[in-house]
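Engineer: Here you go, one structure.
The values are calculated or read from the model by the stated rules, or taken from the named source; none is laboratory data. Computed from a predicted structure; not experimentally measured. Ideal geometry is used to build each Cβ from the backbone, glycine not excepted, and the neighbour counts take in all protein chains shown. For the accessible areas, the whole protein counts, side chains as well, though only heavy atoms, and no ligand, DNA or RNA atoms are used. Shrake-Rupley method; radii C 1.70, N 1.55, O 1.52, S 1.80 Å.
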2 protein chains.
Amino acid sequence: MSSASLSVGFLLYPELTQLDLTAAYEVFARAPNVDVHLIWKTQTLVKSDLGLEIMPNASFEAHPKLDIICVPGGPGQIALMDDQETLDYLRRTTKDTKLITSVCTGSLVLGAAGLLEGYRATSHWSSLDQLSLFGATPVAERVVWDRDRVTGAGVTSGIEFALTVIADTHGREIAEEIQLQIEYDPAPPFSCGSPEGASRELLDKLSVRNREFMLKRRNAAERAAARLQALS
Amino acid sequence: MSSASLSVGFLLYPELTQLDLTAAYEVFARAPNVDVHLIWKTQTLVKSDLGLEIMPNASFEAHPKLDIICVPGGPGQIALMDDQETLDYLRRTTKDTKLITSVCTGSLVLGAAGLLEGYRATSHWSSLDQLSLFGATPVAERVVWDRDRVTGAGVTSGIEFALTVIADTHGREIAEEIQLQIEYDPAPPFSCGSPEGASRELLDKLSVRNREFMLKRRNAAERAAARLQALS
């Protein structure tokens, strides 16, 4: 892939987890000769699950050819699983992209569009197992690269995801330079950033509190998987 | 500090580095009973240095009393150093905030407002030394907490900064839960996230390329420091 010019598109949809998008955006946009497009159906403000309002700058109908498409995750992902207009758009636009990518539960949307069948992929730790509904092999790593599919795990792994992609498209030196400029020399205050590091109590608490939400997500994934199978 | 209700305001200004704000936003907004305000002079879209457009939702004149004010950094910080309206606003609004905070070069803006004199503080590694122009003691750590001042280092340290603050305001359990939910279990692809880890070549390259920009930043800091001294 040449570093001459790279066109990256993010799906920017209501109730996304904004950091899934904004962390990767920051890395991609710092690389030389990269255009980043924020794509949604309407050209009005899109509100994240936690209220941050971001403006799209491209529509499904009109944007330059993309080299990379990236679907972030977040609660709004559940609605996308039943949203044929968006799934059709993803199937259509990925016909000539070089990389089909996601951060967090964005990979479930790729799965629902039938774009992960036979691929190794990752997702937010809480939903990783749902990838197998779409014929993907779940892998508990921060970045999973399988042929032209690159998926990142939960939220902050968008940083590693984007640095890894830029190391490929622009070379290691550019990626290192960006890592230094965003001072990505992490020192997490606690050791609980993954389920392996978290206490049983914390995992149980989240499991109880999020039960209803997780059921909605699973049901949406199962409906989408059933539709995919009916198509094939 | 009670966890009953916490009001956090970010300064959202043109040509900020959006990830300075969005990473910390994600953490704060996930904590229970937190309201986050994005504050700017005008209620129109604010464009980051790399083109992301975010909508403010509060003005200098009208927002609830803030418990925490946070100034992110980015190239637009240079203009703020000479912007008396913004510096006056910061001096005014911080009179009754509980924590005065920043991420990245936002600390230079706090310095220009006279809010870091006699405090230990941090900033983006490239500009850390400029803090001493404002009577602050530069500290090369990812999060520096001195009495009611909390400053984060470059860009991605906004994650550690916000988790550290939430551990104080809401308790360690809530902060751990957020760290798990944003899957902050970092695995940076390279070891160059700080100048100590970066090669001499990379540091030299950046130093040459950014010379003009860094001179602009230093000149602005020196002008602001001179004005502060004239006032005192």
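Engineer: Of the residues B:Glu160, B:Glu201, only one is over 25 Å from B:Leu99 (Cα atoms) and out of contact with any helix residue (DSSP H, G or I) (no Cβ under 7 Å at 6 or more places or on another chain); which? Walk me through how you get there before you give the answer.
Structural biologist: Values: B:Glu160 fails: over 25 Å from B:Leu99 (Cα atoms).
Matching residue, one of B:Glu160, B:Glu201: B:Glu201.
Engineer: Look at B:Glu177 and say whether it is in contact with a helix residue (DSSP H, G or I) (Cβ under 7 Å, 6 or more places away or on another chain) and open to solvent by 10 Å² or more (accessible area, probe 1.4 Å). Give the derivation first.
Structural biologist: Numbers: in contact with a helix residue (DSSP H, G or I) (Cβ under 7 Å, 6 or more places away or on another chain): yes; open to solvent by 10 Å² or more (accessible area, probe 1.4 Å): yes.
Answer is yes for this residue.
Engineer: Which of the residues that make up the range A:50-63 are open to solvent by 20 Å² or more (accessible area, probe 1.4 Å) and either at the interface with another protein chain (Cβ under 9 Å from one of its Cβ atoms) or touching a residue at least 60 places away in the same chain (Cβ under 8 Å) (or both)?
Structural biologist: Within the range A:50-63, A:Leu50, A:Gly51, A:Glu53, A:Met55, A:Asn57 qualify.
Engineer: To continue, here is another question. Of the residues A:Asp185, A:Asp129, A:Asp204, which is away from every other protein chain (no Cβ under 14 Å) and open to solvent by 30 Å² or more (accessible area, probe 1.4 Å)?
Structural biologist: Numbers: A:Asp185 fails: away from every other protein chain (no Cβ under 14 Å); A:Asp204 fails: away from every other protein chain (no Cβ under 14 Å).
Only one candidate qualifies: A:Asp129.
Engineer: Still on this structure, I have one more. Can you find even one residue in the range B:24-36 that is among the basic types (Lys, Arg), within 29 Å of B:Arg142 (Cβ to Cβ) and touching a residue at least 40 places away in the same chain (Cβ under 8 Å)? Let's see the steps before the verdict.
Structural biologist: We begin by selecting, within the range B:24-36, every residue among the basic types (Lys, Arg); these are B:30.
Checking which are within 29 Å of B:Arg142 (Cβ to Cβ) leaves us with B:30.
Keeping just the survivors that are touching a residue at least 40 places away in the same chain (Cβ under 8 Å) gives B:30.
Checking the range B:24-36: at least one residue is among the basic types (Lys, Arg), within 29 Å of B:Arg142 (Cβ to Cβ) and touching a residue at least 40 places away in the same chain (Cβ under 8 Å).
Engineer: Of (1) closer than 19 Å to B:Asn219 by Cβ; (2) surrounded by fewer than 21 Cβ atoms within 10 Å (Cβ to Cβ); (3) in contact (Cβ under 8 Å) with a residue 60 or more places away in the chain, B:Gln77 satisfies all except one. Which?
Structural biologist: Checking B:Gln77 against (1) closer than 19 Å to B:Asn219 by Cβ; (2) surrounded by fewer than 21 Cβ atoms within 10 Å (Cβ to Cβ); (3) in contact (Cβ under 8 Å) with a residue 60 or more places away in the chain, the one that fails is (2).
Engineer: Being away from chain A (no Cβ under 13 Å) and at positive phi narrows it down to one residue among B:Gly114, B:Gly76; which is it?
Structural biologist: Values: B:Gly76 fails: at positive phi.
Unique residue meeting the criteria: B:Gly114.
Engineer: Of everything in the range A:132-144 that's under 13 Å from the mean Cα position of the chain (by Cα) and among the hydrophobic types (A, V, I, L, M, F, W, C), which residue is least open to solvent (accessible area, probe 1.4 Å)?
Structural biologist: Taking the range A:132-144 as the starting set, the residues that turn out to be under 13 Å from the mean Cα position of the chain (by Cα) are A:142-144.
Filter once more, keeping what is among the hydrophobic types (A, V, I, L, M, F, W, C): A:143-144.
On the way: A:Val143: 34, A:Val144: 2 Å².
Filtering first and then ranking leaves A:Val144.
Engineer: Moving on to the next point. Does at least one position in the range A:136-146 carry a residue that is more than 8 Å from chain B (Cβ to nearest Cβ) and of a type in the set (S, T, N, Q)?
Structural biologist: Looking for residues that are more than 8 Å from chain B (Cβ to nearest Cβ) and of a type in the set (S, T, N, Q), one finds at least one in the range A:136-146, hence yes.
Engineer: Further, regarding this structure: Count, please, the residues in the range B:10-49 that happen to be among the polar types (S, T, N, Q) and surrounded by 20 or more Cβ atoms within 10 Å (Cβ to Cβ). Before you say what the answer is, go through the steps one by one.
Structural biologist: Of the residues in the range B:10-49, the ones among the polar types (S, T, N, Q) are B:17-18, B:22, B:33, B:42-44, B:48.
If we keep only those that are surrounded by 20 or more Cβ atoms within 10 Å (Cβ to Cβ) too, we end up with B:17-18, B:22, B:48.
Of the residues in the range B:10-49, 4 are among the polar types (S, T, N, Q) and surrounded by 20 or more Cβ atoms within 10 Å (Cβ to Cβ).
Engineer: Something else about it: Got a sec? Which of B:Gly193, B:Gly197, B:Gly152 is of a type outside the set (Lys, Arg), buried (at least 23 other Cβ atoms within 10 Å of the Cβ) and facing another protein chain (nearest Cβ under 8 Å)?
Structural biologist: Testing whether each residue is of a type outside the set (Lys, Arg), buried (at least 23 other Cβ atoms within 10 Å of the Cβ) and facing another protein chain (nearest Cβ under 8 Å) leaves just B:Gly193.
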